[in-house]
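See structure below.
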Amino acid sequence: MENTEITGKKIFFLHPPTIVRNEVVSALVLQEFEAYTAKDPVALGRVLRRFPDSIVFVNLDEKTMSEKELEMWICGIMADPITAQTQIGLLASNASDEVKQKYLTQINVACGLTPITTDLKKLIAQISQVLFKHNAMGRRKYIRITSDNETLTIANMPLNGHFISASIRDISSTGFSCIFLEDPNLAKGTIITDIQLKLQSTLMRAEAIVLGSRADELMQVYVFIFMPQVDTDVRYKIHKYIQIVLQNKMDMELKK
């Protein structure tokens, strides 16, 4: 089991409304929260047994499940010794006061109820407040994902008058690590001003400094930190890439 005090908690939105699916999840990833969407409660229940120290926001307005089925699912997660530490929150815009009070005062969900509003800024702030209250980020400051098996995730950088390519091993909004086919012997503190990053189909340019290197089997892994002046659009694209990769990997978990 992950130590979520260090790594942070996984955040799931079960049957999220459109504004949450299309806007809020991206905004949370930009804030470095590890947020996902899910549409199959049974599959999500299985995943929560693997990651029990998670937070789940359940959309009460979704009618795929009956009110009784939804209540049984929530109570089942809370009652199962394996998933009992999962914290449940509610999203709603149309639920009756009776239903809301049942979950808040009788079932006593840990993360309360967040009203769905078209005021996107307000909605993001409300959900973020809940996540900070429940220490969803842990001590981790940035989401870092591995990309070892992705041939379309590379960095091209100008060295000695020509561009050389490196395979990106992992990346976050603050930097990345990579390996070269031939060790360029980069010294710590070297600044490279025109790095071309290719993250699947997304291309961008960035400036970074060599933080250091380490030996990994027969390869030398270099760690780069983006310079502070890196364009905010670059960081946004990196976050979108991270969101897509995270969701794709979680979708595979949900299908098992």
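Starting from the Cα of M252, step 7 Å along the direction of its Cβ; do the same at L104; then give the gap between the two resulting points in nm.
Calculated label separation equals 4.1 nm.
Which of rounded, prolate, oblate describes segment 16-164, given a ≥ b ≥ c as roots of the alpha-carbon gyration tensor eigenvalues and a/c under 1.5 marking rounded, otherwise prolate only if a/b is larger than b/c?
Prolate shape, in that a/c is at least 1.5 and a/b is the bigger ratio.
Order these by the 10 Å Cβ neighbour count, fewest first: H134, H162, H15.
The most exposed by this proxy come first: H162, H134, H15.
If I model a spin label at C75 and I244 as a point 7 Å from the Cα along the Cα→Cβ vector, what separation in nanometres do I get?
Between C75 and I244, the simple spin-label model gives 4.3 nm.
How far apart, in nm, are the 7 Å Cα→Cβ label points at Q129 and K198?
For Q129 paired with K198, the spin-label model returns 4.6 nm.
Once fully extended, how much extra length lies between R49 and Q229, figured as 0.36 nm per residue of separation less the alpha-carbon to alpha-carbon distance?
60.6 nm
Using a Cα-Cα cut-off of under 17 Å, which lysines could be cross-linked to K237, ignoring same-chain neighbours fewer than 8 residues away?
Here the lysines satisfying the reach criterion relative to K237 are K198.
For the chain, what is the calculated [θ] at 222 nm in deg cm²/dmol (nearest 500), taking -39500 (n - 2.57) for each run of four or more DSSP H residues and dividing by its residue count?
-9000 deg cm²/dmol
Considering the alpha-carbon set of segment 145-230 alone, what are its Rg and its Dmax in angstrom?
Both quantities, over Cα of segment 145-230: 11.7, 34 Å.
For each pair in K68/K133; K9/K141; K100/K133; K100/K240; K10/K39; K9/K240, compute the distance between the two Cα atoms and list the pairs where it is over 23 Å.
Violating the 23 Å Cα-Cα cut-off are K68/K133; K100/K240.
Where does segment 1-67 land on Rg/Rh, using Cα atoms and the Kirkwood Rh?
0.98
If the only charges are +1 at each Lys and Arg Cβ and -1 at each Asp and Glu Cβ, what is the size of the charge dipole of the chain around the Cα centre, to the nearest 20 debye?
220
I want to verify the translational diffusion coefficient of the chain in µm²/s; compute it with Stokes-Einstein, Rh as the Kirkwood radius over Cα pairs, at 10 °C and 1.306 mPa s.
Here the translational diffusion coefficient equals 79 µm²/s.
Here, each number is a calculation from the coordinates, and none is a lab measurement. What you see is a predicted model, and the numbers here were worked out from it, not measured in a lab. Note that we place each Cβ from the backbone using ideal geometry, even for glycine, and neighbour counts take in every protein chain shown.
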